[in-house]
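Some notes on the structure that comes next.
Read the figures in this text as sums done on the coordinates, not as results from a lab. None of the values given here were measured: they were computed from a predicted structure. Virtual Cβ from ideal backbone geometry, glycine too; neighbours counted across all protein chains shown.
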Amino acid sequence: MTALIIDDERLARAALKNKLEAFQEIEIVGEAGNVKNAIAAIEEHDPDLMFLDIQLYNETGFDILEKIKFRGKIIFVTAHDEFAIRAFEINAVDYILKPVSHERLKNAIDRLNSTDRKIEYKTDPFNYDDRILIMCGERMKFIKLETVSNITASGDFTLINTLDGCEYLTARSMNEWEERLPGKYFLRIHRSTIINIEFIEKAEKWFNYSSMIKMRGSEKQFKVSRSYFKKIKERFS
């Protein structure tokens with residue numbers, strides 16, 4: 001596998017490159033110390049794998065994934081950042097804590113050799129302050145769960161809408177979302193709709209004892225039956 005090392009510390013890149021010499025299946029074809037150079041290296045080499053540091057000066061490794069399509073695999077390299085580690089663990093993404101040990105590096109590479117490129121979703125419940133991993137086309141993206149306004153069904157897929165107006169298509173089902181989302185904040189108001197009750201902007205009476213809910217940051221309005229609206233009112237009581 002061809003690989004890039006992305007880390008803003010030259011000595012850290014050198015140390016990881018030295019450790020990777022023990023793995024003949026990995027060929028280092030380039031390295032970079034910031035987001036701009038990393039994107040250029042990805043475009044030039046189209047590697048199979050990236051060893052990606054999280055902190056890159058005033059930017060992050062996540063910024064790279066938002067700016068370029070990367071079709072390969074990623075092993076994140078991070079310092080003791082409990083929030084980043086939590087994000088990787090609940091999304092089944094591999095990561096290595098610094099300082100990188102030979103044993104942990106071997107485990108990560110062995111895992112690469114034994115799995116395909118499909119994201120392996122876990123089923124642990126989410127916390128409201130978690131970052132969740134989604135595949136947006138060929139891009140991998142972490143988004144903050146607390147920014148999700150609503151989730152709606154779209155055929156066999158689901159659409160995530162965030163407070164900033166962005167929309168993401170994911171392979172998770174509505175039932176999966178309902179099982180994993182924190183019930184204190186998220187409520188299913190229809191078989192095809194889950195809303196974040198923190199972002200309810202207004203509710204109006206509608207026909208046949210139903211109501212219309214408008215969400216902050218979205219032009220969409222959602223019809224809610226009398227029984228579901230009763231559940232919403234109970235959350236605010």
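Observations on the structure shown:
- Each residue, MET1 and LYS214, gets one label point 7 Å from its Cα in the Cβ direction; the gap between the two is 4.9 nm.
- Each peptide in 26-36, 96-106 was scored by the mean count of other Cβ atoms within 10 Å over its residues; highest first, the order is 26-36, 96-106.
- DSSP bridge pairs, the chain: antiparallel proportion in percent, nearest 5: 65
- Too-long pairs where the Cα-Cα distance tops 24 Å, listed order kept, from LYS141/LYS202; LYS205/LYS230; LYS36/LYS73; LYS19/LYS98; LYS205/LYS231: LYS141/LYS202
- Our estimate of slack between LYS141 and ILE85, defined as 0.36 nm per intervening residue step minus the Cα-Cα distance, is 18.6 nm.
- Once the chain from ALA92 to ARG71 is taken as fully extended at 0.36 nm per residue, the excess over their C-alpha distance is 5.8 nm.
- Each Lys and Arg contributes +1 and each Asp and Glu -1, all at the Cβ; summed about the Cα centre of the chain, the dipole is approximately 1400 debye.
- Hypothetical label at ASP63: residues of segment 17-54 whose amide nitrogen lies under 20 Å (7 Å Cα-Cβ projection): 31-44, 50-54
- D (Stokes-Einstein, µm²/s), Kirkwood Cα radius, segment 2-114, 1.567 mPa s at 4 °C: 92
- Rounded to two decimals, the Cα-based Rg/Rh of segment 144-235, with Kirkwood Rh, is 0.94.
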